[in-house]
Each structure stands twice: as C-alpha cells, then as structure tokens.
Amino acid sequence: MAACQTVQQWITQNVLVPVTEFITEAQEKCDEIGNWVEENVEQPFEQQVSEAEEWCSDWPWPLDWICDIVVVIVTVIVWEIVTVVKWVVTIVCQIVTVVVGTVVTWVLQVVGWFVSFVVCVFTDPVAAILSIRDLWTAYLDVIGRAFGLVDTLLADVGGILGDLENIVDTVASGLGWLGTLLGFIKGVIHLVRDVIDAARDVIHAVGDLYIGILSGNLCRIIRGGADLITGSLRLGFDTGFGFLPWAGARAVGSSIGGFRDEIEQYRLERLIRRSLANAFDKDEDRVKRAIKKIGINVRPMGLPFHIDARRMFLNSENATFNPKTLHDAGVINLYRMAGYWSDCDKIYNEPDTEVVYTGTNLHVTYADLGTYLANGPGSTTPFRVYAITRMKFRTHLDTAQRKMQVLGVRLFYEIGEIEATLPEHVPFNAGTFAVQQALFAAAFGRDASGRGLDTIPVVSLFSYIGLQDFGLTTPFNPSKKERNISGVTYRNLTPDWGLRFVLAHELGHYVSLDHKNRAGGVRALDEIMYVGSSHHYLAASTPFEYLLLEGEPRFTFDDARTVWEWITSDVVRDILLP
Ligand SMILES: [Zn+2]
C-alpha cells in the first residue's frame, strides 16, 4: 500500500476510532439513563404506590379517601424529584457529550487530514486531492451532529411532557370518577407535545435536506423532502394553519381526546381487574400480586414487557457475507447507504442506514469505502452498516411505548445489535416464518415453548423480499394454534411519520391483535392495526381522530379486551407471575 494511504489508515485506526469509540459510548449511556430510571426506579416505586392505594381502599369512608389523598401527595412529591433529577442529568449529559464529542472529533479529523495530506502530496498527489472530499464529509458531520443535538433535545422535551401527562393521569386515577375531568388538561398537554414532535420532524427533515443536497445523496434528499411535507402538514393541522377558529377547535378537540383517554383508562382498570379475577378466581393472593405488578392505580399502568431491540448490521470483516459481496451483487449500494453521492433506487423504500467504524458513530470516509470495495475485508478499519439510525429506532420504540399504554401493556427497551450473516437476512425472507424463527432461536435463545413471552425480540432490518412487507410478527397465540418462536421484525420507510407506527402495529400482533376488529370488520386508517391491503381507508371516526382528537392513529378499547384475553389465557398467563 502506498505510504499516503498507510498514514490515512493509521490515523483512523489509532487515533480517531479509539477516541470516538469512547465518545459514542458516553453518548449512548446518556440516552439510556432515562430508560434505566424508568425501569429500575420509577416502575418499582409505582408498584409500591399502587399497592398502597389498594390498601387504602380497604378502609371505611372517609378514611379510604384521606388515605388516597396522602398517597397521591407523596407520589407527586417523589415523582417531581425523580423526574427533575432524571431529566437534568440526561440533558446535561447529552449536551456535554455531544458538544465535547463534536469539537474533539472535528479537531482530530482536521489535524489527521492535514498530516496525511502533506504525506500524500509528495507520494500520491491524486489521493491528496481526492482526500479533500473527506474534509468536506467531516464538515457535514459537524452539521449533522448539531441537527442531531436539536433532535435529541426536542425528544427530551417530548419525554418531559409525556411524564407530565402520566402524573396528571396518576392524580386523576387517585380521584376516581371525578379525576376524569383532569383529562381536559391532559389533552392540552398532549396537543403541545404533538406540536413539538411535529416541529422536531420538520427540523430533522431540514437537516436531511441540507446535508443530502451538500453530499449529493438523492435518497436523503427525498427522505428530507417527504418528512418536511408531513411534518409541516402536522404542524399546520395542530395550529389551524394560523387560522384562529380552527386552532381553537383543535385545542378543544384535543382536550376532549384527553377526557376520552381518561375514561378509557378508568374502563381499562376495571377490565384488567375483571380479567384477573376470572383468570385466578380461587387465588386471591395471586390476583393481588398481579395487580401490584401491573401498578393498577398508577399511570401508566400495564403489564411490563421488556423489548430486546436490535439494529441489524452488516460487518465489513465477515469473510463470506459482507458489504462488499452485497454491493458487488447489486443487493445494496454501499455509497448510497453511507450517505455519499448516489442515485436513489427504491425512493420511499430505502432504509435510513448509517455506515460507521465499528464501535463508533464516526462515518466511514469515502476513500475507505473505495479501498474496501476494491480489496475487501481486512483492507480498512473495520466498519458496520446499520439498517437504521439509533435515533430513529428510539423514536419508533418511544412511539410504541406510548401508544401501547392504552392496552394495559407497559414497554421498556434497550437497543443492541444483531449481525446479518446469511443471504436470506438481506433482503429478509419473510415468505415463510422459518427464517425469522431461526434468527430468534439463534440470536435471542428463544424457543416455541411460550416461556419468557414478557421479553420481546425486535429486529430493525434492511428490507424484505418484495415491496409489500413493512413488518413481520411471528406470534405465540395458543388459542389460535399459533405456537411460533415469537418476536417482531420491521423496517423503516419514508416518510417516517405514519410509517413510524409500523413497529407499534407489529407489537400489536405480538400481543395477539389482528387486522380485523373484534366484530370481524376491517379497520380504518385511524387504528394502528389498520392494514393497507384492506383498501378501507376511512371510517366516520377517521377525520375526527386526525384533525381533532389525537392527531394520530391509536389502539382501541376493544383491542385492550383482546390483549387481556391473550394475557390471561391458560398458556400465556405465566407472564403475570411476579
Ligand atoms: Zn399487520
């Protein structure tokens, strides 16, 4: 290898990668603080609160009521402390790691570029000129990180408002029927959160457009354009396009939506209690333990499920199945996936990929991609091609988590990764359930016994064979004679809004929901379990749902009935054990 390239690679491998590895790990830790606190601090606390309220309700009037009020006050105080600490730590951690990380990475990239440029000028002038491209990439990375930070912070604001909605709910549930009136406040918070979420989409889309244009990546330009249109429309609808009576109607509609949610939570609580009583009629103790596990008096209440979420990736160093073999075979276009100058083949159907050095979030240089495609594994610093960006995956998981609350299902997650090692993984063969089940068995240690159903394997993958499939769930549902090695795969598409509900839809299948509703009818677009092939787009409720009430699709109360039948059915109900 020429001295010029040797120097470039040495700097990447021995300076840039180790430093950014450390920074990346720190950033991921910051993002995970919130999830960790939720699962390990908030949830156990909420279960205690729920138990205390159960205990209160055994007292005679008015002592039960006073007892409830005391519990609610204590809960609000503790909630405030935990939430404030959680978000302050998270946000400070994120800002510091991103800002420091961006500056350090940028300085190292520029210094490293300069050193190798000087060496190259004397040994390989052409390579020296071409390396200017990498300097440009480094600049675009800085822009990308700045947009990423804004994205992260707006997601945090959304998270804070979500926590606020939950505490309003908790207080409401402590007040019984009277509490449903607080639903109006919740509805307004919900609307504000939707506006912020739409604004976040718009800013993210502008970032995609800007960087897409400056790097000549058509897929990113299309993605940015499509997301900009959906984001702007959402912002418009949420604010009445600046037309005051419409904005007022939207605000009233949203508060009515909040009121409806509150009533449904109240009904859900009764549904869960009834389901448990039916399932364990002789065993009061077990009902009590289940109620505690669900945290029935606190919001969000729900049976906890843990998502083992993995991003699928291609490993540059895999000897037989790697980005080069796939690029050479025309299955993928590595330049397109890495965000460089490229056309866009499948328009809305290209995943939002990232190509980074292993263990880091540092984009692989154009020069390294060329070297790799010419010489294969071992010729560059190892890198990975991910099927989805970490941030987008988080957004989808957060969305599913939020939407599934109305089912009495509480999701927690952590994001890991899974290597695609076989030709049937990219594009994924969904023709039979065989490939998916083999993947879950090998990588997650799952079997078809139905044990451990409260851990859900979720894989975000590149694409499926054919264009039809957005996601695939292998269900475990004995009452329908479906005893698969269960779990979920799905992929991301453009535009993200609308299609970000695909993961929630698949998780809906996992907890036994169908495309048909309980009456056997097809569903319209305002329901998450809607399916495009039904060609039944509108129901009477659809425009109300989008324009006035929630502004997005939802699971229905009937869906909750179905889910709780599944949870309390003979085979599945083991997951209710504490
Ligand atoms: Zn489906």
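Please treat every number below as a calculation from the coordinates, not as lab data. Small disclaimer: the values here were computed from a predicted structure and weren't measured. As a convention, Cβ positions derive from the backbone with ideal geometry for all residues, glycine included, and neighbour counts pool all protein chains shown.
Some observations on this one:
- Net charge of neighbours whose Cβ lies under 9 Å from the Cβ of residue 280, counting Lys and Arg as +1 and Asp and Glu as -1: -1
- Sequence-distant residues sharing a close amide H with residue 472 (under 5 Å, placed H): 489, 490
- Peptides 499-508, 157-166 ordered by packing proxy, namely the average of other Cβ atoms within 10 Å per residue, highest first: 499-508, 157-166.
- Mean Cβ neighbour count within 10 Å, used as a protection proxy, ranking 436-447, 551-562 highest first: 551-562, 436-447
- Amide H contacts of residue 464: 428, each under 5 Å away and 5 or more positions distant or on a separate chain (H built 1.01 Å from N in the peptide plane; Pro and chain starts excluded).
- Among 87, 246, 55, a tally of other beta-carbon atoms within 10 Å of each Cβ gives an order, fewest to most, of 55, 246, 87.
- The alpha-carbon atoms of segment 1-41 define a convex hull whose volume equals 59 cubic angstrom per residue.
- In terms of distances greater than 24 angstrom between alpha carbons, the cross-link table entries 86/186; 29/392; 282/516; 481/516; 29/346; 29/292 yield 282/516; 29/346; 29/292.
- For the pair residue 414 and residue 346, a Förster radius of 35 Å applied to the C-beta separation gives a FRET efficiency near 0.70, rounded to the nearest 0.05.
- Over segment 270-351, the hull volume per residue, using the convex hull of the C-alpha atoms, is 222 Å³.
- Each 10 Å bin from zero up to the one holding the largest Cα-Cα distance in segment 493-578 carries the following percent of pairs: 17, 45, 27, 10, 1.
- Selection from 69, 125, 101, by position along the positive dipole direction of segment 52-198 (Cβ): 125
- Convex hull per residue volume in Å³, alpha carbons only, for segment 179-252: 74 Å³
- For segment 176-219, the Cα-based Rg and Dmax, in that order, read 18.5, 58 Å.
- When only the Cβ of Lys, Arg, Asp and Glu is charged (+1, +1, -1, -1), the dipole of segment 1-124 relative to its Cα centre reaches about 1100 debye.
- Of every Cα-Cα pair in segment 442-530, the percent that sits beyond 16 Å: 58 percent
- Sequence-distant residues sharing a close amide H with residue 305 (under 5 Å, placed H): 410, 411, 412
- Summing Cβ point charges (Lys, Arg +1; Asp, Glu -1) relative to the Cα centre of the chain gives a dipole of roughly 740 debye.
- Working note: Cα atoms of segment 196-309, range along each principal axis, descending, whole Å: 67, 42, 17.
- Note on segment 389-541: percent of Cα-Cα distances in each 10 Å bin, starting at 0 and stopping at the bin with the largest distance, equals 10, 40, 39, 10, 1.
- When the convex hull of its Cα atoms is projected in every direction, mean area for segment 219-262 (nm²): 3.8 nm²
- Residue order, fewest to most beta carbons within 10 Å, for 45, 383: 45, 383
- Principal axis extents of the C-alpha atoms in segment 358-443 (largest first, rounded to whole Å): 53, 31, 18.
- Over every Cα atom in segment 41-163, the radius of gyration and the widest Cα-Cα span, Dmax, amount to 26.9, 90 Å.
- Derived value for segment 360-406: Kirkwood hydrodynamic radius 13.3 Å. Basis is the mean of 1/r over every pair of different alpha-carbon atoms.
- Between segment 276-292 and segment 97-118, the alpha-carbon center distance in angstrom: 60 Å
- For the chain, the Kirkwood radius over C-alpha pairs fed into Stokes-Einstein at 25 °C and 0.890 mPa s yields D = 97 µm² per second.
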